[in-house]
Amino acid sequence: MDKKGMKNKGKIMGICLAVTAACACGSPSGEKIAKVQGIYADLVSFHNEVVEEYAGLEDDSYGAELDEMAEKIEELGQRDTQGMTNAELDAVIDEMEGYQEKHEGMLASMQEMKSGETEKEVLEVPVTIENNTGISVYELYLYKAADTDKGENLLKDMEYMNGFQTLNILNLYMTEDETLWHLEALEESGKVMESVDIDFAGKIEKGATIVMKFSFDSMEGWVEVR
């Protein structure tokens with residue numbers, strides 16, 4: 001991504017500020033100054049990483065916050081660390097770590113946004129339902145198992161589906177994480193004769209045939225998926 005595009009979404013920073021000046025040899029705070037330099041360089045690098053992540057989003061709600069953060073970091077980098085005491089250097093470190101934490105929160109939020117922006121592929125699965133129970137079905141539902149609304153009766157345009165009849169559904173639409181569906185079939189009295197979850201994983205390309213069966217010996221129904 002070019003720098004011009006990034007500039008419109010957040011400011012890319014360079015590490016060329018006073019805080020990165022070489023520390024004085026033998027200074028009592030030399031080790032602490034070196035630590036400040038390292039943290040500052042990491043902070044600038046991380047800020048630029050967040051800006052680049054933000055540049056790839058359609059959302060523009062973080063622009064002002066990123067620009068403000070860049071100004072604060074630049075102001076921080078203009079401070080003369082050579083004349084600071086250890087206590088003052090500790091305060092600078094605390095401030096930079098606070099900015100680092102804010103950037104981590106923004107990055108996590110942006111990555112979540114990016115994940116949400118990624119469109120999931122909608123799959124079309126051809127399905128056929130065979131009633132092989134010997135019992136007429138008056139209501140038939142096939143819906144995503146995660147849904148609370150089972151949708152319309154698939155037989156709404158038919159009076160019923162007789163005991164040995166086939167119903168062709170052109171396509172079911174689902175994403176790869178929505179392959180678990182639920183089938184429910186009701187008799188004329190309203191009694192549920194079939195109620196089962198059906199996983200269409202592995203059936204995406206060739207489709208599936210759902211065969212409803214019923215045993216008059218056990219008075220129980222079951223479903224086979226082919």
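The values are calculated or read from the model by the stated rules, or taken from the named source; none is laboratory data. Please read these numbers as outputs of a predicted model, since none were measured by experiment. Counting neighbours? That spans all protein chains shown, and the Cβs are built from the backbone with ideal geometry, glycine included. Quick note on the areas: whole protein, heavy atoms, side chains included, nothing else; ligands and nucleic acids left out. Shrake-Rupley method; radii C 1.70, N 1.55, O 1.52, S 1.80 Å.
Scanning region 208-218 for residues that are under 21 Å from Q165 (Cβ atoms) and loosely packed, with under 10 Cβ neighbours inside 10 Å turns up just one, F216.
Condition check ((1) open to solvent by less than 30 Å² (accessible area, probe 1.4 Å); (2) of a type outside the set (F, W, Y); (3) modelled with pLDDT under 90) across all residues:
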residue	(1), (2), (3)
A22	no, yes, yes
V51	yes, yes, no
E71	no, yes, no
Q100	no, yes, no
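For region 148-180, residues that are open to solvent by 80 Å² or more (accessible area, probe 1.4 Å), closer than 18 Å to T128 by Cβ and under 26 Å from the mean Cα position of the chain (by Cα) total 1. Identify, please: which residue in region 105-147 is among the hydroxyl-bearing types (S, T, Y) and in a strand (DSSP E or B) and is, among those, farthest from the chain's Cα centre (by Cα)? Top of the filtered list is T128. When the residues of region 207-224 are filtered to those that are touching a residue at least 60 places away in the same chain (Cβ under 8 Å) and not aromatic (F, W, Y), the one that is farthest from G134 (Cα to Cα) is G207.
Would you check which residues across region 181-202 are in contact (Cβ under 8 Å) with a residue 12 or more places away in the chain, open to solvent by 40 Å² or more (accessible area, probe 1.4 Å) and assigned to a strand (DSSP E or B) and list them? If the condition is that a residue be in contact (Cβ under 8 Å) with a residue 12 or more places away in the chain, open to solvent by 40 Å² or more (accessible area, probe 1.4 Å) and assigned to a strand (DSSP E or B), then S195, V196, D197, D199 are the ones that fit. Residue-level check: of (1) surrounded by 10 or more Cβ atoms within 10 Å (Cβ to Cβ); (2) under 17 Å from V122 (Cα atoms), E205 misses just (1).
Annotation: Q78 fulfils all but one of (1) loosely packed, with under 14 Cβ neighbours inside 10 Å; (2) under 30 Å from S189 (Cβ atoms); the unmet one is (2).
Criterion first (assigned to a loop (DSSP other than H, G, I, E, B), touching a residue at least 24 places away in the same chain (Cβ under 8 Å) and of a type in the set (K, R)) does K150 satisfy it?
Criteria met by K150.
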